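Undergrad: Once you've had a glance at the structure underneath, I'll fire off some questions.
The values are calculated or read from the model by the stated rules, or taken from the named source; none is laboratory data. Since this is a predicted model, take the numbers as computed values, not measurements. All Cβ positions, even for glycine, are placed from backbone atoms using ideal geometry, and neighbour counts span all protein chains on display. What goes into the accessible areas is simple: the full protein's heavy atoms, side chains included, and nothing from ligands, DNA or RNA. Shrake-Rupley method; radii C 1.70, N 1.55, O 1.52, S 1.80 Å.
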Amino acid sequence: MSLPNSHEALLKNRHLLTGEVALLGVTSSGLLSELSGACGMAMSEHAGVCETLRGRDGWKVCFGYEDPTLDAGRFNTLVVFLPKARAELELRLALARWLAAKDASLVLVGEKKEGIAGAVKQLKAVVPQATKVDSARHCQVWCAESVEPMPGFDLQDWLSWTGIECGGIQVDVAGLPGVFSHGELDDGTRMLLDTLSDQPLQASRVLDFACGAGVIGAWLDARQTQMALPSITVDGVDVQSQAVTCARATYRRAGVSGDIMASDGLTHVEGVWPVILSNPPFHSGVRTDMSMTERFLREVVRHLSPGGEVRLVANNFLPYEPLMRRCIGPVERLREDRRFTVYRAFRRP
């Protein structure tokens, strides 16, 4: 199995791993296979990665920053892989220090193209004694000895709130570092919401795929209330732990009816819905990656009522329309501009 450069760089410096090891931000299960003799905990905020990590002898797997099995003060070596969102690094470093045993060492690994040079400033603000120990595989490896443990860590302390408005309807949305469109309403979702005003849904139950922080569900619920219409149950699913945490918080504050599920695609989702909505992701790190959405479109018909509707927004350059027509049924374009298109497809009876 080909490993990410950051994982290869860590393997080159495996002598840094002593005692119980915590790996924060693992992206490939192949790393655990290569770390023979080491043991500890592997954390990923990606539900699909967590599934592939499970079952390795000597390794416990944790899903994200709120996993109830995270063990404070236990680990002798904390490895922090540089996250895609720079704001998330501060969160990841805080978790590492909470997990650290007395006199633990902290290792930061990241690629140059991902911004490791700038990330080092954040690292040194927390552990000034950190030094660079290697440059390998287009990465840098930094290490700090005798890290000061953090007495407490509560993800809810990192939660922020943003009021967003669309079509005269305002909702409060929870945010965490690393969540898509943190602190704002992205233009694609805004266009999708506009179509929900112009071409309202004829359904009492909806699934929001790649729900993020729960914007669509909260907005739909508020619109039904404002228009004195029957309530809608909006279930949500997302692959990222922070998104699941935020969506649940957004729903609680707004009183939205619906379940928020963690799943890589529709793998662990059961049920059938008359309407499925989505503003799906198309990036993996810095690369364009349409695989998650393509898999969703191939699988979605199993979760769609006969005659049911899939409505999604996507960047214009993404070739989803032919796939929607082939996998679901007739497709129409509800709205488009220079950047985005909202597509609607109905399942063939």
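Undergrad: So, in nm, how far is label His138 from label Gln170 when the simple model puts each one 7 Å beyond its Cα toward the Cβ?
TA: Here the modelled spin labels are 4.5 nm apart.
Undergrad: Additional query: If R0 is 25 Å, what FRET efficiency do you get for Phe317 and Arg348 from their C-beta distance, rounded to 0.05? Spell out each step's value before the answer.
TA: On the way: r = 27 Å, r/R0 = 1.09.
That gives a FRET efficiency of 0.35.
Undergrad: Further question on the same structure: Taking Cα atoms, how many degrees apart are the long axis of helix 86-99 and the longest axis of the chain, rounded to 10 and kept between 0 and 90?
TA: 50 degrees
Undergrad: May I have the extent of the alpha carbons of region 145-203 along their three principal axes, as whole Å values ordered from largest to smallest?
TA: Dimensions of region 145-203 along the principal axes of its Cα atoms: 59, 22, 18 Å.
Undergrad: I need the GluC sites (Glu not before Pro) found in region 142-245, filtered to DSSP loop residues with at most 15 other beta carbons within 10 Å of theirs.
TA: Values: sites: Glu145, Glu165, Glu184; in loops: Glu145, Glu184.
The qualifying sites are Glu145, Glu184.
Undergrad: Work out how much length Ser291 to Asp337 would gain on full extension: take 0.36 nm times their residue separation and subtract the Cα-Cα distance, in nm to one decimal.
TA: On the way: separation 46, 0.36 × 46 = 16.56 nm, distance 2.41 nm.
Extending this stretch completely gives an extra 14.1 nm.
Undergrad: Of the candidates Ala228, Ala22, Ala249, which one comes out as most mobile in a Gaussian network treatment of the chain with C-alpha springs shorter than 10 Å?
TA: In this elastic network of the chain, the residue with the biggest mean-square fluctuation among Ala228, Ala22, Ala249 is Ala228.
Undergrad: Follow-up. For Lys121 paired with Arg74, estimate the spin-label separation in nm (one decimal), with each label point 7 Å from Cα along the Cα-to-Cβ line.
TA: 3.6 nm
Undergrad: Full-extension gain between Arg298 and Cys39, please, as 0.36 nm times their residue separation minus the C-alpha to C-alpha distance. Let's see the in-between values first.
TA: On the way: separation 259, 0.36 × 259 = 93.24 nm, distance 3.81 nm.
Length difference between fully extended and current span is 89.4 nm.
Undergrad: Right, next: Over region 88-231, average the accessible area per residue using a 1.4 Å probe and give it in Å², no decimals. Before the final figure, lay out the partial values.
TA: On the way: 6210 Å² over 144 residues.
With the other protein chains kept in place, region 88-231 gives 43 Å² per residue.
Undergrad: For the chain, what is the calculated [θ] at 222 nm in deg cm²/dmol (nearest 500), taking -39500 (n - 2.57) for each run of four or more DSSP H residues and dividing by its residue count? Don't skip to the end; give the middle numbers.
TA: Details: 10 runs with 100 residues, N = 349.
It lands at -8500 deg cm²/dmol.
Undergrad: Report the label-to-label distance for Thr225 and Asp198 in nanometres (one decimal), using points 7 Å from each Cα along the Cα→Cβ vector.
TA: Each label point lies 7 Å from its Cα, and together they span 2.7 nm.
Undergrad: What do you get for the angle between helix 215-226 and the principal long axis of the chain? Use alpha-carbon atoms, 0 to 90 degrees, nearest ten.
TA: 40 degrees
Undergrad: Give me the 1.4 Å probe accessible area per residue for region 241-349, excluding ligands and nucleic acids, in Å². Before the final figure, lay out each step's value.
TA: On the way: 5090 Å² over 109 residues.
It amounts to 47 Å² per residue over region 241-349.
Undergrad: Any idea what % of Cα-Cα pairs in region 214-349 are farther than 20 Å? Kindly include the intermediate steps, with their values, before the conclusion.
TA: Values: 4579 of 9180 pairs.
Of the Cα pairs, 50 percent sit more than 20 Å apart.
Undergrad: Can you tell which of Ser44, Ser231, Ser241 shows the greatest fluctuation in a Gaussian network model of the chain with Cα springs below 10 Å?
TA: Of Ser44, Ser231, Ser241, the Gaussian network model singles out Ser231 as fluctuating most.
Undergrad: Sticking with this structure for a sec: Return P(r) of the chain (all Cα-Cα pairs; 20 Å bins starting at 0; whole %; ordered from short to long distances).
TA: 30, 52, 19, 0
Undergrad: Quick one: length gained pulling Lys84 to Gln156 fully straight, 0.36 nm per residue minus the C-alpha distance?
TA: Working: separation 72, 0.36 × 72 = 25.92 nm, distance 2.10 nm.
Going from the current span to full extension adds 23.8 nm.
Undergrad: If you don't mind, another one. Of the lysine pairs in the chain, how many meet both conditions: Cα atoms under 25 Å apart, and a spacing of 8 or more in sequence or different chains?
TA: 25
Undergrad: Considering the chain as a Gaussian network with a 10 Å cut-off on Cα pairs, which listed residue, Thr267, Thr245, Thr293, attains the greatest mean-square fluctuation?
TA: Answer for the Gaussian network model of the chain: Thr267.
Undergrad: What part of the accessible area of the chain, given as a whole %, is carbon or sulfur when the probe is 1.4 angstrom? Before the final figure, lay out the partial values.
TA: Details: 7250 of 15010 Å².
Roughly 48 percent, rounded to a whole number.
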